[in-house]
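The structure appears below as structure tokens.
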Amino acid sequence: IVSTSVENKNVILEEFTGIHCGYCPQGHAIAQGIMDNNLGDVFIINIHTGGYSTPSGSEPDFRTIFGSSIASQSGLVGFPAGTVNRHLFSGMSQGSGTAMSRGDWENASNQVLAQQSYVNVGVEASLNLTTREITVHAEAYYTGDSPENTNLLNVAILQDTTYGYQSSGGSNYNHMHRLVHMVTGQWGEEISTTTNGSFIDKTYTYSIPTIYNNVPVDLKHIKVVAFVSETHQEVISGFGAYPTYTGNITQNDASIIEIKTPDEICENEITPVIKLINTGQANMTSAQFGYRINDEPFQTYNWTGDLAFAESIDVILDPISFTLLTENTIDVIVANPNGVLDENGANNSMSSNFSEAYNCTNRVRLEINPNGSFGLPWTLKDNSGTTIYSGTASGSDMVNETFELTVGECYTFDLTSSFNNGIPGDGYCKIIDSDDYEIFSILGNEFTDNVFTLFKAATVATVNSNKRKEITIYPNPSNSIITVESSFLMSLIKITDISGKVVLSKNINNLYKTK
């Protein structure tokens with residue numbers, strides 16, 4: 001399957017990215033453009049790694065055990081970053097390594113594509129949908145001598161078309177070219193014959209799991225990329241391919257691979273979204289769903305459409321009402337594909353959990369210590385999505401605002417870091433209701449670009465319920481020891497002199513009384 005003629009190098013563009021990287025969608029578009037303009041000669045491997053790839057709440061975790069080491073050897077100093085054949089290009093390095101900023105990827109790729117390669121790479125794969133086993137056949141042919149006595153053959157498994165959160169891309173961003181596994185290990189399998197005329201023929205098998213880091217695997221969007229490197233750094237050339245499918249013995253088989261519901265909810269009605277996949281040979285044009293919440297009676301939904309084998313679709317079910325509990329479970333069953341009995345019942349059902357949003361009083365206070373941040377825009381929206389309060393915290397100015405809300409209504413608070421760097425140092429953001437319960441609390445190092453919370457103003461705040469005012473300080477004024485007493489738990493005290501200068505800032509570990 002590999003060419004034995006002298007050819008130019010192909011590009012392996014390893015893109016270091018993360019779901020909380022605000023500029024990464026620009027990098028994705030640039031890399032995709034390079035590949036689209038050089039089909040069959042450029043192959044992208046998106047590697048989610050670093051702090052920007054750390055998920056929060058229900059956000060997808062696209063990290064792998066391989067990404068950190070690949071990124072570390074590149075010497076990257078910012079995101080997005082990328083290496084083109086892991087080569088060091090003069091004047092393009094982010095720092096002193098092979099990692100480059102997105103504006104340099106096209107230039108570097110054009111240089112590589114113009115160079116003659118001493119090794120060609122071919123790859124093909126087959127994927128058994130019944131056993132989930134992928135067989136990868138990789139070949140390399142040397143049309144010249146390698147400067148290294150040994151080279152390394154690498155085989156990567158990728159997944160396209162995974163929808164999930166992305167900063168500057170929204171909650172349903174299409175993630176492509178995701179590295180999920182390296183079949184040949186961290187740095188590849190050693191090739192010991194690297195001279196002109198050497199022919200390498202390798203076959204690998206790997207059982208693909210149903211999920212990676214709680215992210216469901218869609219077998220239809222799996223692909224492979226193989227490449228040869230001289231060392232851990234210098235990639236010579238590579239190639240990629242989508243697998244052919246085998247092992248599907250059923251004609252009519254509907255499968256549920258994901259239930260999409262909010263993590264938290266404050267109403268007693270939701271509209272479930274189900275990812276349906278056709279794992280039968282016959283085109284699926286209809287199916288029936290049954291779904292319920294908290295063991296209440298099932299509700300049905302009849303789907304019609306046209307799904308070819310291995311194709312998937314998001315099915316929006318009818319809204320379902322239920323009794324909202326602190327913790328809730330939705331059960332979904334799919335049946336009767338094409339109006340006949342499903343031939344494989346093992347993949348017809350799935351369950352998912354979600355929680356009730358926090359219930360608080362209708363008087364809440366917002367505290368933000370920006371601690372020198374350049375900009376922290378925030379909004380408070382009602383259940384219809386209308387912004388009712390908003391502002392921007394920045395510099396050293398504390399935000400301390402109290403909001404009177406409508407009892408029985410749900411609200412969403414959203415905090416954004418304009419420069420994707422969170423809140424510096426000891427900065428924080430809190431929302432506290434009039435009973436002194438923290439609805440929301442986040443420290444500066446706990447987020448990078450955006451965070452939000454949902455809550456419900458469930459009860460009326462009483463006149464005397466603002467416990468934050470129940471503080472006693474004595475003696476005042478004082479030039480020595482002062483005592484601070486409070487009826488509620490305290491975590492931080494700041495003392496200022498008469499000019500407003502902070503003379504003491506003390507973490508007090510939730511004491512009721514301190515000196």
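Summed over qualifying helices (DSSP H, 4 residues or more, each -39500 (n - 2.57)) and divided by its residue number, the chain shows a 222 nm mean residue ellipticity of -1500 deg cm²/dmol.
Any idea what the relative contact order of the stretch 265-390 is, in percent, if you count C-alpha pairs under 8 Å spaced at least 6 apart?
On the way: 203 pairs, mean separation 31.7, N = 126.
Averaging sequence separation for qualifying contacts and normalising by length gives 25 percent for the stretch 265-390.
At a Förster radius of 60 Å, what calculated FRET efficiency corresponds to the Cβ-Cβ distance of T150 and S355, to the nearest 0.05?
Details: r = 54 Å, r/R0 = 0.90.
Once the sixth-power term is evaluated, E becomes 0.65.
Taking every alpha-carbon pair under 8 Å whose residues sit at least 6 apart, the chain reaches a relative contact order of 11 percent.
Only alpha carbons enter this Debye calculation for the stretch 211-291, each as an equal point scatterer, and the log10 of I(q)/I(0) it gives at q = 0.11, 0.19, 0.27 Å⁻¹ is -0.55, -1.01, -1.33.
Computing Rg and the Kirkwood Rh from the Cα coordinates of the stretch 1-113 gives a ratio, Rg/Rh, of 1.00. Here the chain has an Rg and Dmax of 28.2, 90 Å, counting Cα atoms alone. Between the helical axis of 24-36 and the longest alpha-carbon principal axis of the chain there is an angle of about 20 degrees.
Sorted into 5 angstrom bins from 0, the C-alpha pair distances of the stretch 267-377 split as 2, 9, 18, 17, 12, 10, 8, 6, 6, 5, 5, 2, 0 percent.
Based on the alpha-carbon gyration tensor of the stretch 86-168 and its eigenvalue square roots a ≥ b ≥ c, which shape applies: rounded if a/c is under 1.5, prolate if not and a/b is larger than b/c, or oblate? It is oblate, given that a/c is not under 1.5 and a/b is not larger than b/c. Between S171 and S5, the modelled label-to-label distance comes to 5.3 nm, taking each label 7 Å out from Cα in the direction of the beta carbon. In the frame of its principal axes, the stretch 174-333 has Cα extents of 71, 38, 22 Å, reported largest first.
Which longest uninterrupted range of the chain lacks any chymotrypsin sites (Phe, Trp or Tyr not before Pro) assigned by DSSP to a loop state (not H, G, I, E or B) and surrounded by at most 14 other Cβ atoms within 10 Å?
Details: sites that count: F298, F419.
The reported range is 1-297.
Taking the Cβ of F309 as the center, what net charge do the other residues with Cβ under 14 Å away carry, scoring Lys and Arg +1 and Asp and Glu -1?
-4
Could you tell me which trypsin sites (Lys or Arg not before Pro) in the stretch 35-104 are loop residues by DSSP with no more than 10 other beta carbons within 10 angstrom of their beta carbon? Don't skip to the answer; put the middle values down first.
On the way: sites: R63, R86, R102; in loops: R86.
When the trypsin sites (Lys or Arg not before Pro) of the stretch 35-104 are filtered for loop state and at most 10 Cβ neighbours within 10 Å, nothing remains.
Taking the Cβ of S286 as the centre, find all other residues whose Cβ is under 15 Å away and add up their charges (Lys, Arg: +1; Asp, Glu: -1). Don't skip to the end; give the middle numbers.
Numbers: positive: none; negative: D253, D306, E311, D342.
So the environment of S286 carries a net charge of -4.
Charge tally around V112: other residues with Cβ under 10 Å, Lys/Arg +1 each, Asp/Glu -1 each, net 0.
Quick one: with all protein chains in place, what share of the accessible area of the chain is carbon or sulfur, to the nearest percent (1.4 Å probe)? List each step's numbers first, then the result.
On the way: 11330 of 23490 Å².
Answer for the chain is 48 percent, counting heavy atoms of protein chains only.
The values are calculated or read from the model by the stated rules, or taken from the named source; none is laboratory data. Everything numeric here is computed off the predicted structure, so don't read it as measured data. Note: ideal-geometry Cβ built from the backbone for every residue, glycine included; neighbour counts use all protein chains shown. Ligands, DNA and RNA are stripped out before the accessible areas are found, and what is left, the full protein with its side chains, is counted by its heavy atoms. Shrake-Rupley method; radii C 1.70, N 1.55, O 1.52, S 1.80 Å.
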